[in-house]
Amino acid sequence: ARVSADQAVDAPVNVWVHEYVHTRQYRDAATASGDAVANDAHWLIEGSAEYYAARASLQDGRIDFDTFQDVLERGTTSPAADAVLADPSTWANNDAEYEKGALVVGAIDRELRAATNGTVTFQTVMNDWNSAATFNASDLESIARAEGGDELAAFVREYTTTAATPSTWDRDTHD
């Protein structure tokens, strides 16, 4: 990880945490046999780093909830909102994998927590992703189904394989 020393830790997206998350993504690089993360799940690399950077900043009190929500809302406006995350050709030349990706990771995290009374989080996805030889959109949907049921799998499919964009949520829902 490489971060300029003058990057603020109280920025809406803490670059230090963003880059740290990448160090925890063991399967983000290509392997001798091909890509460890398939094109249809490649958005997870930046989307999860962006989400966790904002979430950690919120949890640490470095940003307030409105600022956290502003980070996620970037994914609700064009051109990011128009992208299909599972199709990188739709987010070329914009930051959809960061912006819409963070929103979708956050929404999946929220739905996982709601479906399991807080016992399962997006960290479960990260753990499965890290232990897999390869990881693709079907794997993401399978984890969602295994942990949260068919409704959650459909939620994941809708927001990753179509241009549909989830809404942000309020403070009470987040809490």
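Structure notes:
- Measuring only protein heavy atoms, the 1.4 Å probe finds S131 accessible over about 90 Å².
- Pairwise label distance in nanometres, A163 with S131, each label 7 Å out on the Cα-Cβ vector: 3.9 nm
- Gain on full extension, evaluated as 0.36 nm per residue between D64 and N117 minus their Cα-Cα distance, stands at 16.6 nm.
- Note on the chain: Cα Rg divided by 2.2 N^0.38 Å, N the number of residues, gives 0.97.
- Surrounding net charge for R110, when Lys and Arg each add one and Asp and Glu each subtract one, Cβ distance under 14 Å: -4
- For the chain: relative contact order, % (alpha-carbon pairs under 8 angstrom, 6 or more apart): 25 percent
- Ellipticity estimate at 222 nm from DSSP helix runs (n ≥ 4, -39,500 (n - 2.57)) divided over the chain, nearest 500: -16500 deg cm²/dmol
- Carbon plus sulfur fraction of accessible area for segment 63-146, probe 1.4 Å, in percent: 43 percent
- Accessible surface, per residue, of the chain when the full set of protein chains is kept, probe 1.4 Å, Å²: 48 Å²
- Spacing of the modelled spin labels on N39 and D82, each 7 Å from Cα toward Cβ, amounts to 2.1 nm.
The values are calculated or read from the model by the stated rules, or taken from the named source; none is laboratory data. Since this is a predicted model, take the numbers as computed values, not measurements. Note that we place each Cβ from the backbone using ideal geometry, even for glycine, and neighbour counts take in every protein chain shown. For the accessible areas, the whole protein counts, side chains as well, though only heavy atoms, and no ligand, DNA or RNA atoms are used. Shrake-Rupley method; radii C 1.70, N 1.55, O 1.52, S 1.80 Å.
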